[in-house]
Amino acid sequence: MRPQYRISFHALFLLCAAACVSPLLLCTSAFAQGTEAARYPNRPITFIVPTPAGSEADLPCRLIAKEAEKFLGQPIVVVNKPGASMTIGIASIVVAKPDGYTIGHAGHPGTFFAPFMEKIPYQPVRDLKQIMQFGIINIAVFVKADSPFKTFKDVVEFARKNPKKLTYGTSGTGTSANVAMETIAKREGVQFTIVPFKGSPETQAALFGGHVLVAAGGFGQSLIDAGETRLLLLLAEARSPYYPEVPILKDLGYDIPAPTVFNVVGPKGMPESIEKKIEDAFTKAMKEPAFINGMRDLRLTVVYRNGSQLDDYDRLR
C-alpha cells in the first residue's frame with residue numbers, strides 16, 4: 001500500500017504546487033503586459049492603408065500619420081496593401097498582435113459593403129476596434145472636361161438609349177462607388193458596364209486614355225483645378241464646401257447610403273491605455289497646421305468622431 005500512498009502524495013504535491021504557481025504566472029503576465037502598455041510606444045508603428053500609393057485614401061493617411069509621430073515619439077511607417085475592395089489591407093490589421101504597433105485605415109468598402117457581398121476573413125464589428133475619425137473622403141462620378149456628359153442625368157439617358165455601352169471605371173467591385181452606381185442603374189432601369197481597377201490612379205488613367213466613358217471613385221483635385229475633369233455627382237451625404245455646386249445623391253432623389261469616413265482602427269483586444277494614447281496622438285495631429293493645410297490643399301473636409309461615435313454612425317447607416 002505504501003507505493004500507492006507515495007504516488008498519491010506526489011500527485012497531490014504537484015497539484016498544490018500548480019495551484020500556487022498558476023496565479024503567480026498570471027500576475028507576472030498581467031504585470032508584463034501592463035509594463036509594456038505603459039512603455040508604449042518604444043518602437044516604430046506600422047500604419048496600413050488598404051489602397052494604392054497616391055490614392056484618395058493614401059495621401060490623407062500619410063498626412064495625419066506624419067503629424068501623429070510628434071505626439072507618440074516614434075516613426076509611423078505607412079504600408080500600402082491594396083486589393084479586393086480594401087479587404088486585403090484590413091485583414092492585415094485584424095490578424096496583427098493587438099499591441100498598438102499595427103494600426104491603419106479601414107474604409108467602408110471593406111467594412112460596410114464587403115461583409116454582405118462576399119466571404120471575407122474577418123467580421124468588422126467583432127475583429128476591429130475603431131479609434132477615431134479624422135475626415136471625409138471625396139468620392140464622385142466624373143468625366144473628362146471634353147465629355148458630352150454635362151450632368152449625371154446625361155449619363156443615365158445615354159445608358160437608357162445605349163444598353164451596356166455606358167462603361168465606368170472604379171476601384172473594384174464592392175466599393176462605395178460601385179454599389180452606388182449599380183443601385184442607381186437598377187432604380188433607373190438601365191445597364192452600366194463596370195470596368196474594375198486596383199485603385200483611383202488606374203481608374204483616372206483609363207478615363208483619360210478613353211478606355212471608359214465615366215469614372216466613379218476618388219479623384220484628384222489638381223485635375224479639377226486644371227479644368228481637365230468635371231464632377232457630375234458627389235457620392236456623399238452632404239455637399240462639399242469645396243465643390244458646393246456639385247449635386248449629391250439625395251439632390252437627385254437617390255436615397256443611397258454613402259459612408260465616406262477616414263478613420264484610424266486597430267485589431268480588437270488592444271489595452272485601453274494604448275488605444276487612448278493612439279486616439280490622443282491622432283486627435284492632436286488634426287490640429288496641426290501641416291495637417292489642416294494639407295487637407296485643404298486636397299479639398300478634403302476635416303471631421304472628428306471618437307471610436308464610440310463612429311460605432312454609432314455605422315449602426316445608423
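The values are calculated or read from the model by the stated rules, or taken from the named source; none is laboratory data. All values derive from a computational prediction rather than experimental measurement. Cβ atoms come from the backbone with ideal geometry, glycine included; neighbour counts cover every protein chain shown.
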Of the numbered conditions (1) in contact with a strand residue (DSSP E or B) (Cβ under 6 Å, 6 or more places away or on another chain); (2) at pLDDT below 95; (3) within 18 Å of residue 277 (Cα to Cα), residue 61 fails exactly one; give the number of that condition. (2)
Given (1) over 19 Å from the mean Cα position of the chain (by Cα); (2) closer than 30 Å to residue 95 by Cβ, index of the condition residue 243 fails: (2)
Criterion violated by residue 142 - all others in (1) more than 18 Å from residue 108 (Cα to Cα); (2) not in a strand (DSSP E or B) satisfied: (2)
Residue satisfying all of: in region 77-112; modelled with pLDDT under 95 and crowded, with 22+ Cβ neighbours inside 10 Å; nearest to residue 282 (Cα to Cα) among these: 107
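Within region 202-317, considering only strands (runs of 3 or more DSSP E) that don't extend past its boundaries, which have at least 3 residues that are touching a residue at least 12 places away in the same chain (Cβ under 8 Å) and farther than 29 Å from residue 154 by Cα? Can you show your working first?
Values: elements: 214-217, 229-234, 261-267.
By residue number, 261-267.
Going by what's in this entry, would residue 115 be described as assigned by TED's automatic domain parsing to the domain that holds residue 44, farther than 26 Å from residue 297 by Cα and in contact with a helix residue (DSSP H, G or I) (Cβ under 7 Å, 6 or more places away or on another chain)? Let's see the steps before the verdict.
Working: assigned by TED's automatic domain parsing to the domain that holds residue 44: yes; farther than 26 Å from residue 297 by Cα: yes; in contact with a helix residue (DSSP H, G or I) (Cβ under 7 Å, 6 or more places away or on another chain): yes.
Yes; evaluated as a whole, the condition is true for this residue.
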Looking only at region 117-130, decide whether some residue is surrounded by fewer than 16 Cβ atoms within 10 Å (Cβ to Cβ) and of a type in the set (A, V, I, L, M). yes
I need every pair where a residue in region 50-76 that is buried (at least 22 other Cβ atoms within 10 Å of the Cβ) and in a helix (DSSP H, G or I) has its Cβ under 8 Å from the Cβ of a residue that is hydroxyl-bearing (Ser, Thr, Tyr) and modelled with pLDDT under 95, sequence separation at least 6 or different chains. 58/51
